[in-house]
Amino acid sequence: MPVSYHANDPSQECFLTPAPFVSIDKSFDKTGDGQILGVRYTITLNGTLVPDRGSPSTHSAATNGFLIDSADKIISGHVHAHSYTDILKKQQLIRKLFSKKNEGGRLDITAPFTGEATITCYPRIVSINFPEQAAGNIYVQPYTITLEADQLMGAGVGTDLDDMNAAGHEMISAASESWDFSEAVDVVIHHTADGKIDKTFKTYQVNHVISATGKRKFNTTTDAADGLEAGKHGRDHASANGKGFFNKLENTGTVETGAAWYQARDFCRKKLVHGLHINGIDNVKTGDGNLTKYGVNLPPALAADHALHGTTATELRAFNYLKTESVGELDGTFSLTETWTLAPQGARVFETMDFSIGGDPNVGTTTVTITGNIQGIGGGDVTDYDFDTLKHDLEDKGETDSINDNDLKMTNAQYHFDKLVPVLYLHAADMSGLSGLSPSPTSSTRTKNPVAGIITYSYTFENRDYYIPNVSSETVSINDNYPGQIIAIQQVIGRKRGPVIQDIGTQGSWKRTLSIACTVDVRSSNFCKDSSGDKTLHSTSTSCTGVTGNAWVTNPNEISNDYSDANAKKPSMVDTITPPDSISQRTAIRNLISAFKPMGLAVYNDTSPTETWDPQTGAWSYNIGWIYELDASYICNEDVDNITGGDHPYPGTPR
C-alpha cells in the first residue's frame, strides 16, 4: 500500500517505503448533549526503516533524500559499516518531512499493484515515534507516525457523509450555548395623562452565551504543503528575514477562512445564530423569538395604557441589545455574549421617582420635591422612529447597524422627559394628597448624560397662589407704624424723681409702607398657561394645547437683546392680558397698591415711591409709604379698626 506525502521542503512528493501499515480510526467531536459537530480521523503509519533500501533513501536515485515513486531501490554494494548511520539519517529525514513547515500537505494512501482507490487527506501532525530497536537487530528501525485529519477523500465511494467541509459546514471540535434569565432592577412606569402612576412593570435580564472551538483548514487546491507565512498581520518579527512562524492556511493573506478561530466564529454566527432573532419581534413568548422554550417562566400577558406615550403594553419585547465578542486566535476559539432587557411593549425608558414632602407649617406652605432618573432604552418598537431593519443575514454574518444606538437612548429619554415634566406637579399632588400646588416649580435642576442616554432631575412644587399674572415669585409686605402718645418733658431743679413728664392730650401720626416684589420671565417668547392662569412646564404649543383648557400665549415680558424695550416690559408697564387672565400685570399691581392704601380723613405720601427693575433677571420691586389721619384716637382707646371695642394698646388698623 504505497504511502506518499507532498511536502513544502522539499517541494516534491515523498514516498515512504517499504510501505508502512496504515490504520485509520474515526472519532466524533460532540456537544454535551451528544450532537455531532464533526469528525476526526486518526491515521497511524507503522513502518520500518532499513539501511540499504526503501525511502527515505541514500540511493543515488533519491531526490532530497526521498524516492519520488513507489518502486523499491536497493543500494548495491552498500557498506555494512554505514548501516546504523544510514538509519539515523533516515530518522532525521522523516522528522524533517513531518515538520511544522510541511504540515498540511497532501497524504496519499494508494492500493498496491493497481494504483487505484487512493485515499487522500491534508492532515495535521500529531507525533513521530522511533522506538528502540529489537535486541540484536539495530539495523531494522520501526517507526510510528500519527496524523490527524478532518476529512478523507477518494477511494471511489463518494463523499463521506460526515465530511463537514464538503457539506458546507464549519470545522468545529467543540461548541456550547447557554441562556441565563433573571429579574432586573430596572422598572418601567406607566403614567396617566392626569399625573398618576398607573402601573409599574418589572424587567428581566437575558444573557446568551455561545462559543465554539474551531479546527484549522489547510489549502486543498494544491498538493504540497503551503509552508509558513513570512509575516502574520505585521506581528511576526521574523518577516524581516523571510522566516515565518505561522502556517499558511486556506485563503491566507485575504480573509483567513482556514483559521480555527474563523471557523469557530462562522459556526456561532450561522449555526447558533446569535440573538438578532429575538430583536424586533412583538412578543418574546411566541414565534422564532420564543424564550419560554428555554425553560424561563415569563409573566403572563400585560395590560396597561401608557397615556403619556399613547401606547398599550400587551407583551414583553427585547431592548438594549449588547454584544461582546471574544476571539482566541491561537486557541482557535470564538465566544459571543449577548445581553437584553425584556420590558413591556412600547417602553421608551426605565425610570425611578422619589417624593419628599416638607415646607413651613407656621405659614401653611407645603413643598413636594420629586427626584427622578430616566434611562433611555435602545431599540424597541417606538412607532414614530425609523429603525433599521433587524434581520439575520448569513452573508452579512448577522451584523446590524443601529440596534443599540446611544443617540436613540438619549432621544427616548428626552421624549419621555418632555412628556413627564408638565404633569410632574400632578404627580406631586397625587402622592402628597395636597391640592393647590402650583404647576411652576420653586426650584428645578436637571442633568443629562447623552452618552449613556440618562436624564436626572429634581423639581420642587409648593401650594402657593400669586395675584400678579405670569410671575414665578411674588412677595407683598406691609409695615404699619401706630400713633404714639405725645408728651412734654420738663426738667425741674432739685426734683429728685427727675423731670416732669406730662401727657399733652394728643398723638402721633399713622404711617404705612407697602413693598411689592416679583420675578418674571424675560427670555421666553411663549409659554403655556392652564385654565387657572398658572404657568405650566409645557415646552411646545402642541403639547400645551393638547391639554384641555391650556393656552399657548406670547410672553409680554420678553426683552430684546439690546434692552431697547426693557422699560416697556417691566411688570408695572405691561398692560397686556394673557388668557385666561382677566387683568394685566399693570392692573394687578395698581390693584394691590389701591387695596393697601390707607383710608382716612387725610392721606399723604410721606416718602417718594421707589421702583427697581433688573431686565437681566426679571426681578422687579416697588416701595411706597403713606402718612394719614383717622377720625378716631388710638391713644384714647377709641375704636379705630371698626371692630367693637377700644384698641389701645393693641394692634388693629383700618384698611
Notebook entry, point to check: Across the stretch 307-328, which residue is modelled with the highest pLDDT among those that are closer than 30 Å to K215 by Cα and of a type in the set (V, I, T)?
Noted result: V327
Notebook entry, point to check: Of the residues that make up the stretch 23-31, is at least one surrounded by fewer than 18 Cβ atoms within 10 Å (Cβ to Cβ), under 16 Å from G105 (Cβ atoms) and of a type outside the set (V, I, T)?
Noted result: no
Checklist line | The lone exception for L45 - which of (1) at pLDDT 95 or above; (2) farther than 23 Å from T146 by Cα; (3) of a type in the set (A, V, I, L, M) it fails | finding: (2)
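Would you call G104 small (G, A, S), out of contact with any Pro (no Cβ under 7 Å at 6 or more places or on another chain), surrounded by 17 or more Cβ atoms within 10 Å (Cβ to Cβ) and more than 16 Å from P18 (Cβ to Cβ)? Walk me through how you get there before you give the answer.
Details: small (G, A, S): yes; out of contact with any Pro (no Cβ under 7 Å at 6 or more places or on another chain): yes; surrounded by 17 or more Cβ atoms within 10 Å (Cβ to Cβ): yes; more than 16 Å from P18 (Cβ to Cβ): yes.
So G104 passes the test.
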Next item on the list: Considering only the stretch 509-534, state which residues are touching a Gly at 6+ places or on another chain (Cβ under 9 Å) and small (G, A, S).
Entry: S531, S532
Check: In the stretch 359-376, which residue that is at pLDDT below 90 and of a type outside the set (S, T, N, Q) is farthest from E315 (Cα to Cα)?
Finding: V363
Next item on the list: Name the single residue, out of those in the stretch 32-47 being in contact with a Phe, Trp or Tyr (Cβ under 9 Å, 6 or more places away or on another chain) and surrounded by 15 or more Cβ atoms within 10 Å (Cβ to Cβ), that is farthest from D108 (Cα to Cα).
Entry: L37
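So if I check each of M573, M599, which one is more than 18 Å from D534 (Cβ to Cβ), out of contact with any Asp or Glu (no Cβ under 9 Å at 6 or more places or on another chain) and crowded, with 17+ Cβ neighbours inside 10 Å?
Working: M599 fails: crowded, with 17+ Cβ neighbours inside 10 Å.
Exactly one residue qualifies, and that residue is M573.
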Item checked: Single condition V187 does not satisfy, out of (1) of a type in the set (A, V, I, L, M, F, W, C); (2) loosely packed, with under 13 Cβ neighbours inside 10 Å; (3) at pLDDT 90 or above -> (2)
Check: Does A343 satisfy the criteria of being in a strand (DSSP E or B), at pLDDT 85 or above and small (G, A, S)?
Finding: yes
Check: If a residue has to be in contact (Cβ under 8 Å) with a residue 40 or more places away in the chain and assigned to a loop (DSSP other than H, G, I, E, B) to count, how many in the stretch 598-627 make the cut?
Finding: 7
Check: Using beta carbons and a limit of 8 Å, which pairs, at least six apart or on different chains, have the first residue in the stretch 412-439 and closer than 15 Å to G376 by Cβ and the second one buried (at least 19 other Cβ atoms within 10 Å of the Cβ) and among the polar types (S, T, N, Q)?
Finding: A413/Q375
Next item on the list: Sort out which residues of the stretch 628-649 are in contact with a strand residue (DSSP E or B) (Cβ under 7 Å, 6 or more places away or on another chain) and assigned to a loop (DSSP other than H, G, I, E, B), and write them in order of number.
Entry: L630, S633, Y634, I635
Notebook entry, point to check: Going by the conditions given, is A149 exposed (fewer than 13 other Cβ atoms within 10 Å of the Cβ) and closer than 22 Å to D29 by Cβ?
Noted result: no
Next item on the list: Name every residue in the stretch 17-35 that is over 30 Å from A212 (Cβ atoms) and free of Cβ contacts under 8 Å to residues at least 60 places away in the same chain, in order of residue number.
Entry: T17, P18, F21
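D9: of a type in the set (D, E, K, R) and at pLDDT 95 or above, yes or no? Before the answer, list the steps.
Values: of a type in the set (D, E, K, R): yes; at pLDDT 95 or above: no.
No.
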Item checked: Yes/no for M153 being farther than 30 Å from G32 by Cβ and of a type outside the set (D, E) -> yes
Note to self: So for the stretch 553-572 (the condition being within 30 Å of G652 (Cα to Cα), of a type in the set (A, V, I, L, M) and touching a strand residue (DSSP E or B) at 6+ places or on another chain (Cβ under 7 Å)), does at least one residue qualify?
What the structure shows: no
Notebook entry, point to check: Is at least one residue of the stretch 131-150 in contact with a Ser or Thr (Cβ under 8 Å, 6 or more places away or on another chain) and free of Cβ contacts under 8 Å to residues at least 40 places away in the same chain?
Noted result: yes
Item checked: Residue under evaluation C268, criteria (1) in a helix (DSSP H, G or I); (2) at pLDDT below 70, criterion not met -> (2)
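Could you list, in sequence order, all residues of the stretch 45-70 that are among the aliphatic types (A, V, I, L, M) and free of Cβ contacts under 8 Å to residues at least 12 places away in the same chain? First the steps, then the outcome.
Keep residues of the stretch 45-70 that are among the aliphatic types (A, V, I, L, M), which gives 45, 49-50, 61-62, 67-68.
The answer is A62, and nothing else.
Looking at D521, D565, D581, D530, which one is within 25 Å of S472 (Cβ to Cβ) and free of Cβ contacts under 8 Å to residues at least 12 places away in the same chain?
Details: D521 fails: free of Cβ contacts under 8 Å to residues at least 12 places away in the same chain; D581 fails: free of Cβ contacts under 8 Å to residues at least 12 places away in the same chain; D530 fails: free of Cβ contacts under 8 Å to residues at least 12 places away in the same chain.
Exactly one residue qualifies, and that residue is D565.
Would you confirm, using the coordinates I've provided, whether S178 is out of contact with any helix residue (DSSP H, G or I) (no Cβ under 6 Å at 6 or more places or on another chain) and in the same structural domain as T17 (by TED's automatic domain parsing)? Show your work before the answer.
Working: out of contact with any helix residue (DSSP H, G or I) (no Cβ under 6 Å at 6 or more places or on another chain): yes; in the same structural domain as T17 (by TED's automatic domain parsing): no.
No, not satisfied.
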Item checked: Where T63 falls short, out of the listed (1) over 23 Å from S11 (Cα atoms); (2) surrounded by fewer than 16 Cβ atoms within 10 Å (Cβ to Cβ) -> (1)
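The values are calculated or read from the model by the stated rules, or taken from the named source; none is laboratory data. Everything numeric here is computed off the predicted structure, so don't read it as measured data. Quick reminder, even Gly has a Cβ in these numbers, built from the backbone with ideal geometry, and neighbours come from all protein chains shown.
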